[in-house]
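The values are calculated or read from the model by the stated rules, or taken from the named source; none is laboratory data. Keep in mind that this is a model prediction, so the values were computed, not measured. FYI the Cβ positions are ideal-geometry reconstructions off the backbone, even for glycines, and counts take in every protein chain you see. These area figures cover heavy atoms from the full protein model, side chains too; ligands, DNA and RNA do not enter into them. Shrake-Rupley method; radii C 1.70, N 1.55, O 1.52, S 1.80 Å.
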Amino acid sequence: MALDLAVIGGTGVYRLAALEDVESRSFQTPYGAPSGPVRIGRLGGARVAFLARHGEGHALPPHRVNYRANLHALHQAGARRVLALNTVGGITEAYGPRVLACPDQLIDYTWGRASTFWDGEGEPLHVDFGQPYSPQLRGKVLAAARAAGIEVVDGGCYGATQGPRLETNAEIARMRRDGCDLVGMTGMPEAALARELGLEYACLAIVANWAAGCGDAAEITLEEVLENVAAASAGLPQLIQALLQA
Ligand code: HPA
């Protein structure tokens with residue numbers, strides 16, 4: 001049965017508390033196992049699926065996430081629209097800790113990840129990726145945020161790094177020169193795989209910290225990251241409800 005929305009949760013977001021009548025489904029895919037079960041339930045009148053990108057106990061680091069299996073499983077579950085929640089560091093001024101942002105561009109600095117469903121067999125799959133996030137879904141996310149009274153920065157460039165270590169100050173300075181506003185470890189290849197499957201995909205970035213060398217903190221700690229993600233995520237259920245009504 002078709003879904004109205006699939007949500008992929010990132011660091012600090014391991015479930016959608018508002019989901020009701022939840023059914024857990026374990027999918028097998030030609031690419032292996034996804035990060036965990038797909039939780040499918042009702043939110044308002046809509047059918048919504050949730051998948052924790054790192055597994056429900058956050059066992060999988062960004063470079064070990066099976067992005068292909070995750071997207072394939074959501075597609076099998078009937079997803080056509082995917083809202084990806086990504087915890088990030090902020091680089092430029094408008095993207096400080098606890099800000100929510102809906103980026104419109106990305107730069108991929110990851111390497112060695114299985115980044116396509118097309119492994120050389122069949123028709124070449126050079127998907128258009130000029131606009132890496134679905135303008136339609138982005139528009140709906142921004143409208144839903146306005147309707148729910150939640151501030152979301154419109155646009156910005158997401159730089160996807162390999163991790164799991166955080167970046168050096170010089171790496172972030174380079175990313176700033178490249179035009180990145182945000183830095184995270186999980187934005188790619190997820191967005192490209194979603195495009196290959198024809199899914200409408202948008203990112204809601206949750207800023208957890210200033211990226212290396214951008215703020216006053218001597219060090220970025222996991223405690224700070226989780227605290228800021230929890231605070232910034234408070235409005236997510238209302239935002240998602242509003243998105244389902246859009
Ligand atoms: N860099 C990369 N990924 C992140 C960061 C960061 O500073 N914070 C949260 N995810």
Length gained if residue 59 through residue 121 is fully extended, taking 0.36 nm per residue and subtracting the Cα-Cα distance, is 19.1 nm
Highest mean packing first, using Cβ neighbours within 10 angstrom, the peptides 18-27, 121-130, 67-76 sort as 67-76, 18-27, 121-130
P(r) of segment 1-63 over all Cα-Cα pairs, 10 Å bins starting at 0, rounded to whole percent, reads 23, 52, 24, 2
In whole percent, the Cα-Cα distances of segment 48-103 spread across 5 Å bins from 0 upward as 4, 14, 23, 18, 20, 13, 7, 1
Regression test value, accessible area per residue of segment 1-145, probe 1.4 Å, units Å², expected 45 Å²
Rounded to two decimals, the Debye log10 I(q)/I(0) of segment 77-130 (Cα scatterers, no solvent) at q = 0.15, 0.22 Å⁻¹ is -0.74, -1.17
Karplus ³J(HN,Hα) for segment 173-189 (6.51 cos²θ - 1.76 cosθ + 1.60, θ = phi - 60°; Hz, whole; x = Gly/Pro) runs 4, 5, 4, 4, 5, 6, x, 7, 9, 9, 9, x, 10, 10, x, 10, x
Expressed in nanometres to one decimal, the distance between label points 7 Å along Cα→Cβ at residue 93 and residue 245 is 3.5 nm
Pseudo-spin-label distance residue 15 to residue 170, built 7 Å along Cα→Cβ, given in nm, is 4.5 nm
What helix-only [θ] at 222 nm does the chain give? Using -39500 (n - 2.57) per DSSP H run of at least 4, over all residues, to the nearest 500, the answer is -7500 deg cm²/dmol
Residue by residue through segment 123-138, the couplings from Karplus 6.51 cos²θ - 1.76 cosθ + 1.60 with θ = phi - 60°, in Hz, x for Gly and Pro, are 5, x, 10, 9, 5, 5, 9, x, 10, x, 10, 5, x, 5, 5, 4
For segment 127-173, Rg(Cα) over 2.2 N^0.38 Å is 1.58
One finds the C-alpha centres of segment 110-182 and segment 1-71 to be spaced, in Å, by 19 Å
The relative contact order of the chain, taking Cα pairs under 8 Å that sit 6 or more residues apart, comes to a percentage of 26 percent
With the 8 Å Cα cutoff and a minimum separation of six or more residues, segment 1-135 has a relative contact order in percent of 28 percent
Note on segment 78-209: alpha-carbon gyration tensor, axes a ≥ b ≥ c; rule is a/c under 1.5 for rounded, else prolate if a/b larger than b/c, else oblate; result oblate
Of the convex hull drawn through the C-alpha atoms of segment 36-151, the volume per residue in Å³ is 163 Å³
Per principal axis, largest first, the Cα atoms of the chain extend in Å by 49, 45, 32
